[in-house]
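Take a look at the structure below.
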Amino acid sequence: MADDSPALANPDEKKPEEPKGFFEKVGAALPIALTALATVFASMSNGALQEAMYWKSQAAQDQAKVTNQWTLAGFKRDRALMMQAAAAQLRALCGYATATFSVPVPPKKEEEAKKHAEVQSQARVWLTDQANPPPVKLPECDDELKALRNAIKTREPERDILEKAGRTDVTKISKAINDAEKANEQTDQEWDPIVKGAAALVRAQASSPVDGKAATAAQAAGFDLEERRYRAESRANQEIGFLYEIRTKISAAESDKHRKKSDFLSYAMLVAQIGAVASSLALARKQKSALWLFAAMVGLVAIGVGGYALIPATMLAF
């Protein structure tokens, strides 16, 4: 007779694993995801730090240009004082006689006679009129750059200056500098023939067989013109130096922005790494693996070494 009783279960047969829930699947992938996220934050932090270094080097280059412009302005101011002293001595020697420039200077080429006459006429005006040469006119800046310039000129606190500079677009000040440099160069080109014509008139008047006082008065007028020219150019170089100083502050403010960004990204990286370590330890503990104990010991050693590195050097000396 057949046995209809159910078959006994085999005790050696493994039970099928229960399907993992959503949170268990996420928990297994969480350490990998957090590690990848920490790597991304570390790369972004390094990139921001490199940007900060770039802008800091740009600020250093602009500061060197500031020094060049203000050094040139100081040199021209010294030259102006020397010209002023020489003109005063010559005027005293000639008894403060009025300078006249009646000796003409012939042109080098006949086809340039008309242009030469215009230059000579303007040179006579510059030699006899104290209002010439006119002030160097640089392009006007907008109100934002003017406010930043006044903050630098009046020596406001560095924090306030950098705060204003951080709201200013660097392309705006770069354009202002380029326009000022071009205007200054154009002024030099316009003044050069007149200044040379004035020097030629002074030489011609001084070398002509006329009264010695008139020759000395002409030389005094020549030195006086040079004094006014150097002063005008000195002011222009000083204004250009202020523009470079503005860009220095803007570059420094931009560097601070990227440095702070790098700091925050570093903190985000550390948080992600802590999360990855914690989730890895939790996963290992759940699987009853001995590796979690080893990882915890390594973490404690790392904390100790890092804490030692953060101790100030002055405290380690004792």
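The values are calculated or read from the model by the stated rules, or taken from the named source; none is laboratory data. What you are looking at is a predicted structure, and each value in this text was computed from that prediction instead of being measured. All Cβ positions, glycine included, derive from the backbone under ideal geometry; neighbour counts span all protein chains shown.
Could you list, in sequence order, all residues of the range 35-53 that are among the hydrophobic types (A, V, I, L, M, F, W, C) and farther than 19 Å from Lys257 by Cβ?
Matches in the range 35-53: Ala36, Leu37, Ala38, Val40, Ala42.
Say whether the condition of being basic (Lys, Arg), farther than 14 Å from Lys249 by Cα and touching a residue at least 12 places away in the same chain (Cβ under 8 Å) is met by at least one residue in the range 54-76.
yes
Scan Glu190, Glu185, Glu181, Glu239 and give me the residue that is buried (at least 16 other Cβ atoms within 10 Å of the Cβ), modelled with pLDDT of 85 or more and either within 17 Å of the chain's Cα centre (by Cα) or acidic (Asp, Glu) (or both).
It is Glu239.
Which residue is farthest from Ser207 (Cα to Cα), if the candidates are limited to the range 45-103 and must be of a type in the set (D, E, K, R) and crowded, with 16+ Cβ neighbours inside 10 Å?
Out of the qualifying residues, it is Glu51.
Looking for whichever is more than 30 Å from Glu190 (Cα to Cα), modelled with pLDDT under 90 and over 23 Å from the mean Cα position of the chain (by Cα) here; the options are Glu111, Glu18. Which one fits?
It is Glu18.
Among the residues of the range 202-218 satisfying the criterion of being polar (S, T, N, Q) and surrounded by fewer than 22 Cβ atoms within 10 Å (Cβ to Cβ), which is farthest from Leu90 (Cα to Cα)?
Ser208
Only one of these conditions is not met by Lys172: (1) over 30 Å from Glu190 (Cβ atoms); (2) under 17 Å from the mean Cα position of the chain (by Cα); (3) surrounded by 10 or more Cβ atoms within 10 Å (Cβ to Cβ). Which number is it?
Only one criterion in (1) over 30 Å from Glu190 (Cβ atoms); (2) under 17 Å from the mean Cα position of the chain (by Cα); (3) surrounded by 10 or more Cβ atoms within 10 Å (Cβ to Cβ) is unmet by Lys172, namely (1).
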